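Each remark here refers to the structure printed beneath this line.
The values are calculated or read from the model by the stated rules, or taken from the named source; none is laboratory data. Please read these numbers as outputs of a predicted model, since none were measured by experiment. Positions of Cβ are backbone-derived with ideal geometry, glycine not excepted, and every protein chain shown enters the neighbour counts. To get the accessible areas, we keep the full protein, side chains included, count just its heavy atoms, and leave off ligands, DNA and RNA. Shrake-Rupley method; radii C 1.70, N 1.55, O 1.52, S 1.80 Å.
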Amino acid sequence: MNSILVVDDELSMREFLEILLTKEGYTVSFAASGGEACSILDRETFDLVITDIRMDDIDGIGILRKAKEVSPGTPVIIISAFATAETAVEAMRDGAYDYIPKPFNTAEFIKIVQDALHKKTISRDEEDHLKKGYYFGCLVGESPEMKRIYDLIRRVAKTKTNILISGESGTGKELVARAIHGESQRKDQPFVVINCGGIPETLIESELFGYKKGAFTGASADKGGLFEAGDGGTVFFDEIGELSPAIQVKLLRVIQEKTFTRIGETEERKVDVRFISATNKNLEQEVMDRGFREDLFFRLNVIEISIPPLRERKGDLPLLAHHFLVKYSRELGKDIKKVSAYAMDILSQYPFPGNVRELENIIERSVALETSNIVLPQSLTLSNFKKVRIREDRRRTDLTHEGINLPKAMADIEREYILKAMEMTYGSQKKAAELLGITYESLRHRLSKLKI
Ligand SMILES: Nc1ncnc2c1ncn2[C@@H]1O[C@H](COP(=O)(O)OP(=O)(O)OP(=O)(O)O)[C@@H](O)[C@H]1O
Ligand SMILES: [Mg+2]
């Protein structure tokens, strides 16, 4: 059973937290002052410390330091009134797990407590992660979708079958191609990337097939092409949908006959390559709509590996975020160890139109911007996205004998609904008003009233 120390000089708050936390099955101890907390911390170790920030003798920051000194692995959650939010952010810099502004929603509070206790177990389990195959080559991910992909890679790698990898931009198509190559018997042979969208039409033929000296103006010497460079290995055609019809015919021949000729030569050359192609379009649709050759499509697409967008495998987010955090902290010489629970929550609601590449950029930027040792919401730069924490449970069960301010509570709920609607419609006020069942004018009025 998890043990929690609650430090607060207000009796009503201690009573409230006692009811709340024991109901969840935690063992709770209490300290009514900073001094008392310090002497308890000297005697006992806890799985979690929850402390108010403002106390007369030793404040929340003092408790945090004490807790970290006696047991560095114990997470500390700071509770603060709005006025002390700045100090709470400071506390995060000193290694607090999270801060919870007062007044808070009980469901949200419990979730943070659970996460904090869970995280404590996770860091212990991180090494096991590696062993369990949550990484594959350079691929990171533990969602069922990624595990299925690892499995597929393992099964197809040893064959010579041509593979088509499909997925939105930034989902990791090239990494999957490299992982297949790395698992194959060709792994010590070349892996050649051909970016079909990036090479001008006029150059692609000579790039691919090479040429004989004098074949065209500028061909001042014999030159081998990319197929020759990839002989014995794997050739990766990125953005295969961009290939012109003329090149498609020539490529089909290479795949079928395993031969090609350099431009300006007649002699056929043999080549042994495995083809992996990637597309962020629906290639089958391209066959129907835009005349991508059907015969070539079938040749390339013997096995299809389709990578789902990141927003459909949110389970990979924590591991990926951590992976990039470690990478960029090291690269930029910083000591940032984690993404705050707040920031993680925001990331988990973001749709990631640019997929893993976008997540990587977001983390890199936040590592560069962050001045504390933890990634806070302030340093996340998400395009067109309001950083709001949406409360999942809106039953306001936090009425205590201290009382609440009903108009303010109602305004809070209104605010949450509006922010949620704006988020769901990516900021379109017209659509948000529709979702909320109010007029556009009424929404505008509320937005300005609530200063959103
Ligand atoms: N599962 C993953 N684990 C670790 N890094 C990943 C993963 N998926 C993508 N990345 C990273 O995201 C970036 C984009 O990956 P990659 O180039 O393979 O995507 P792509 O699908 O080929 O994108 P595009 O269609 O835009 O070419 C790279 O920096 C890559 O390292
Ligand atoms: Mg790519």
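Just need a number here: residues in the stretch 68-78 that are part of a helix (DSSP H, G or I) and under 31 Å from the mean Cα position of the chain (by Cα). Number satisfying all stated conditions: 1.
Within the stretch 403-452, how many residues are closer than 20 Å to P103 by Cα, surrounded by 15 or more Cβ atoms within 10 Å (Cβ to Cβ) and free of Cβ contacts under 8 Å to residues at least 12 places away in the same chain? Residues in the stretch 403-452 being closer than 20 Å to P103 by Cα, surrounded by 15 or more Cβ atoms within 10 Å (Cβ to Cβ) and free of Cβ contacts under 8 Å to residues at least 12 places away in the same chain: 1 in total. Residue count for the stretch 416-439, restricted to those that are assigned to a helix (DSSP H, G or I), within 27 Å of the chain's Cα centre (by Cα) and under 13 Å from I452 (Cβ atoms): 9. Annotation: of all residues in the stretch 159-193 being without any contact (Cβ under 8 Å) to a residue 12 or more places away in the chain and closer than 12 Å to G233 by Cβ, the one that is farthest from ligand 1 (Cβ to nearest atom) is D188. Screening R178 against (1) surrounded by 14 or more Cβ atoms within 10 Å (Cβ to Cβ); (2) in contact with a helix residue (DSSP H, G or I) (Cβ under 8 Å, 6 or more places away or on another chain) leaves a single unmet condition, (2). Tell me which residues, restricted to the stretch 144-161, are crowded, with 19+ Cβ neighbours inside 10 Å and within 23 Å of N282 (Cβ to Cβ). Within the stretch 144-161, M146, I149, I153, V156 qualify. Residues considered: E242, E257. Of these, the only one that is open to solvent by 50 Å² or more (accessible area, probe 1.4 Å) and either over 27 Å from V156 (Cβ atoms) or within 41 Å of the chain's Cα centre (by Cα) (or both) is E242. Of note, F237 satisfies the criterion of being closer than 22 Å to K187 by Cβ, open to solvent by less than 20 Å² (accessible area, probe 1.4 Å) and either of a type in the set (S, T, N, Q) or in the same structural domain as D222 (by TED's automatic domain parsing) (or both). Does the stretch 309-328 contain at least one residue that is within 16 Å of ligand 2 (Cβ to nearest atom) and touching a residue at least 40 places away in the same chain (Cβ under 8 Å)? Looking through the stretch 309-328, at least one residue is within 16 Å of ligand 2 (Cβ to nearest atom) and touching a residue at least 40 places away in the same chain (Cβ under 8 Å). Checking each residue in the stretch 88-107 for being at pLDDT 85 or above and assigned to a helix (DSSP H, G or I) picks out T106, A107.
In the set (1) in the same structural domain as D222 (by TED's automatic domain parsing); (2) hydroxyl-bearing (S, T, Y); (3) in contact (Cβ under 8 Å) with a residue 60 or more places away in the chain, S340 fails one condition alone, (1).
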